[in-house]
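As structure tokens, the structure follows; a few thoughts come after it.
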Amino acid sequence: MTALLAVARYEFRMQVRKRSLWISSALLGGALVLVQGDRGPHSLPVGTPAREVVGTWALLFAILMPLAYGMLLADRLVRDRKLRVEPLLESLPLGAAARLFGKYLGGVAACAVPGLVALLLAAVTELPKRHDPALLGWALVAFAVVTLPGIAMIAGFALVCPTFVTVPLFRVLFVGYWFWGNVLLPATLPTLTGSLLSPIGSYAASWLLGTPVLYAGIPGPLPVLRPEPTGSAAAASIALLVVAGLVPLLAVGLLRGRRRTA
Amino acid sequence: MDIAITGLRRSFGRVTALRGVDLTVRGGMFGLLGGNGAGKTTLMRIMAGVVAPGSGQVRVGGYDMTTRSGRRDVQRRLGYVPQDLGFYPDLSPREFLDYVALLKGLDDATARRRQVGELLDMVGLADVAGRRMKGFSGGMRRRVGIAQALLGDPALLIVDEPTAGLDPQERIRFRTLLAGLAGQRTVLLSTHIVEDIAQTCHDTAVLAAGRVVYTGSVTDLTRTAEGATWQMTTTGAPPTDGVVVSAVTREGGTQYRVISQARPSPDATSVAPTLEDGYVALMRRHTPAPAV
């Protein structure tokens with residue numbers, strides 16, 4: 001447990017210091033703020049419940065900001081080999097699983113920081129107009145239910161996939177996946193858009209806003225993953241996203257453990 | 001910590017790195033010499049528990065390295081400086097040592113901080129302990145490498161090619177540091193730089209093409225070239241009989257140092273061998289003659 005927490009702690013420290021994390025988050029978040037138009041959260045009339053205002057902000061940021069997280073997490077596992085630290089780490093009395101899950105936890109935590117900062121900043125900028133301190137509390141809730149589960153899922157794949165394909169190729173594929181799996185309508189192509197497994201957080205955002213958003217529950221392939229957007233469906237989506245992020249880690253953890261024994 | 005290896009073989013795909021290594025190491029500083037591709041790094045990685053042995057017996061401090069639990073037990077008592085060790089550029093040496101200490105299981109924060117501070121002092125990096133390692137020189141990085149290896153006061157220290165690429169002053173400093181550490185533990189030094197062994201080790205083994213071709217004292221290895229080390233000065237072509245160890249151009253011609261069983265030229269004089277001469281003589285014996 002100590003080793004896992006140590007890896008998580010230092011992975012977090014190294015990643016949260018990366019300028020690229022902050023620059024890319026600021027650019028994507030800033031672009032979304034600028035192009036939100038009159039349907040965006042800032043244009044919601046005074047008197048709109050804090051939950052709805054912050055939920056709309058969370059939804060807005062969820063459209064593009066996770067792209068930055070996926071890109072940045074892509075080199076975290078292969079980085080040890082690239083930096084020639086791997087032989088040393090392999091000589092330490094530390095299991096492959098502790099290293100893998102520690103990196104995952106640290107990576108998720110580091111990516112979560114700009115996500116949380118963006119939502120808190122949005123809530124703070126809304127305060128003078130709406131005079132509702134509940135905005136800050138809802139910002140934390142929106143972060144926990146919309147932003148974080150998406151990061152948890154992305155992180156699992158972004159860490160593991162580049163051990164099988166190159167980092168640049170993964171990044172290209174990830175951008176393609178993001179628009180295919182979150183934005184493209186099932187009527188155009190079979191896609192996961194609007195399903196419980198959509199890391200953009202459409203089910204959780206629908207629960208926050210009290211109305212289906214971002215195609216949550218839209219008819220498409222795998223209807224079992226497209227229930228009516230309700231509170232329990234949102235909870236199921238959150239759980240599924242977290243589990244989905246852990247699946248690639250478990251698979252590669254088993255594989256590495258076996259390889260070390262061989 | 002004693003090391004006992006018998007019949008160790010290890011292949012990677014079609015490449016056989018070790019072809020039946022037999023080696024015994026008892027405490028103190030022990031040198032492992034060999035050319036590039038001789039199998040030194042594979043042997044070191046096996047002893048560090050990074051790679052599992054293919055076949056044969058490897059016991060380190062009584063622990064069986066063919067089992068996962070044995071490797072883990074050794075790793076708890078090990079300090080390892082891998083060949084060409086890299087670092088996280090975004091961490092300072094203090095943070096890097098703290099990280100490795102945590103991974104080694106040094107849970108007590110106060111004791112860990114104290115040990116990290118002492119080691120940074122010992123390797124002369126206390127002044128830059130908080131600076132990120134991005135701009136560190138090769139020598140400074142090696143010193144961080146040795147400091148991390150000493151965390152937890154290991155009984156076995158494995159150091160793989162530690163002086164490659166260092167300037168002469170750094171090399172001497174590093175060698176002295178390593179030799180000083182051998183008093184209380186077993187230090188295994190792998191290198192292809194003969195001088196490093198000559199200056200630090202009493203006992204050594206020589207590896208060639210995945211086999212141990214010599215094991216014994218450094219003095220006895222030097223004696224291998226006794227009666228076969230020659231010096232001659234000529235303005236003509238270099239001697240063809242034997243191996244030229246050095247060639248120094250002087251006023252009266254080029255002075256050659258040659259390893260040869262027979263006198264390479266009538267004016268060649270027999271000289272006392274050095275460890276390098278002994279190593280060359282030994283390798284000459286174990287290198288197959290080129291096909292005609």
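The values are calculated or read from the model by the stated rules, or taken from the named source; none is laboratory data. Worth saying up front: this structure is predicted, and the values here are computed from it rather than measured. Every residue, glycine as well, gets a Cβ built from its backbone with ideal geometry; the counts of neighbours run over all protein chains shown.
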statement: Every listed condition ((1) without any contact (Cβ under 8 Å) to a residue 40 or more places away in the chain; (2) surrounded by fewer than 16 Cβ atoms within 10 Å (Cβ to Cβ)) holds for B:Gly20 save (1)
- request: Residues being part of a loop (DSSP other than H, G, I, E, B) and free of Cβ contacts under 8 Å to residues at least 40 places away in the same chain: count how many of those fall in segment A:69-90.
  value: 3
- prompt: Just to be sure, is A:Ala236 more than 14 Å from every other protein chain (Cβ to nearest Cβ) and within 20 Å of A:Leu119 (Cβ to Cβ)?
  reply: no
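For (1) out of contact with any Ser or Thr (no Cβ under 8 Å at 6 or more places or on another chain); (2) within 14 Å of chain B (Cβ to nearest Cβ); (3) surrounded by fewer than 20 Cβ atoms within 10 Å (Cβ to Cβ), each residue gets a yes or a no:
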position	(1), (2), (3)
A:Val7	yes, yes, no
A:Ile23	yes, no, yes
A:Ala31	yes, no, yes
A:Glu52	yes, no, yes
A:Phe61	no, no, no
A:Lys82	yes, yes, yes
A:Ser91	yes, yes, no
- prompt: Considering segment B:141-174 alone, what residues qualify as being under 16 Å from A:Val85 (Cβ atoms) and of a type in the set (A, V, I, L, M)?
  reply: B:Val144, B:Ile146, B:Ala147, B:Ala149, B:Leu151
- prompt: Would you call A:Val145 under 25 Å from A:Gly253 (Cβ atoms) and touching a residue at least 12 places away in the same chain (Cβ under 8 Å)?
  reply: no
message: Please count how many residues of segment A:110-128 are closer than 16 Å to A:Leu21 by Cβ and of a type in the set (Val, Ile, Thr).
response: 2
message: Condition (residue is under 23 Å from A:Ala6 (Cβ atoms) and either at pLDDT below 95 or within 14 Å of another protein chain (Cβ to nearest Cβ) (or both)) applied to segment A:135-157: is it met by at least one residue?
response: no
- prompt: Name the helices (runs of 4 or more DSSP H) wholly within segment A:108-208 that hold at least 1 residues that are of a type in the set (A, V, I, L, M, F, W, C) and surrounded by fewer than 16 Cβ atoms within 10 Å (Cβ to Cβ)?
  reply: A:134-142, A:167-182
field: Residue match in segment B:259-274 (condition: closer than 17 Å to B:Ala198 by Cα and in contact with a Ser or Thr (Cβ under 6 Å, 6 or more places away or on another chain))
entry: yes
query: If only one of B:Gln184, B:Gln169, B:Gln83 is touching a helix residue (DSSP H, G or I) at 6+ places or on another chain (Cβ under 7 Å) and outside any strand (DSSP E or B), which one is it?
result: B:Gln83
message: For B:Ala179, only one of the following conditions fails: (1) among the small types (Gly, Ala, Ser); (2) buried (at least 19 other Cβ atoms within 10 Å of the Cβ); (3) within 22 Å of B:Gly28 (Cα to Cα). What is its number?
response: (2)
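So that you can scan it fast, the table gives a plain yes or no per residue for (1) assigned to a loop (DSSP other than H, G, I, E, B); (2) modelled with pLDDT of 95 or more; (3) within 30 Å of B:Met133 (Cα to Cα):
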residue	(1), (2), (3)
B:Thr16	no, no, no
B:Gly20	no, no, no
B:Ala52	yes, no, no
B:Val58	no, yes, no
B:Pro89	yes, no, yes
B:Arg94	no, yes, yes
B:Leu106	yes, no, yes
task: Report the residue count in segment B:55-80 for those that are at the interface with another protein chain (Cβ under 8 Å from one of its Cβ atoms) and within 20 Å of the chain's Cα centre (by Cα).
output: 3
Unique residue being without any contact (Cβ under 8 Å) to a residue 60 or more places away in the chain, basic (Lys, Arg), in contact with a helix residue (DSSP H, G or I) (Cβ under 9 Å, 6 or more places away or on another chain) and under 30 Å from B:Gly79 (Cβ atoms) when the list is B:Arg175, B:Arg223, B:Arg211: B:Arg175
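For (1) out of contact with any strand residue (DSSP E or B) (no Cβ under 6 Å at 6 or more places or on another chain); (2) crowded, with 20+ Cβ neighbours inside 10 Å; (3) of a type in the set (Asp, Glu), each residue gets a yes or a no:
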residue	(1), (2), (3)
B:Asp220	yes, no, yes
B:Glu226	yes, no, yes
B:Thr240	yes, no, no
B:Val244	no, no, no
B:Arg250	yes, no, no
B:Arg263	yes, no, no
message: Among the residues in segment B:30-37, are any among the polar types (S, T, N, Q), over 20 Å from B:Pro154 (Cβ atoms) and either in a strand (DSSP E or B) or touching a residue at least 24 places away in the same chain (Cβ under 8 Å) (or both)?
response: yes
- prompt: Is there a residue being surrounded by fewer than 18 Cβ atoms within 10 Å (Cβ to Cβ) and within 14 Å of chain A (Cβ to nearest Cβ) anywhere in segment B:41-51?
  reply: no
query: Among the residues of segment B:82-105, is there at least one that is within 14 Å of chain A (Cβ to nearest Cβ), buried (at least 19 other Cβ atoms within 10 Å of the Cβ), touching a residue at least 60 places away in the same chain (Cβ under 8 Å) and under 25 Å from B:Gly183 (Cα atoms)?
result: yes
Candidates B:Asp153, B:Asp160, B:Asp167, B:Asp203, filtered to the one that is surrounded by fewer than 23 Cβ atoms within 10 Å (Cβ to Cβ) and under 18 Å from A:Leu88 (Cα atoms): B:Asp153
task: For segment B:232-248, name all the residues that are in contact with a Phe, Trp or Tyr (Cβ under 7 Å, 6 or more places away or on another chain) and part of a loop (DSSP other than H, G, I, E, B).
output: B:Pro238, B:Pro239
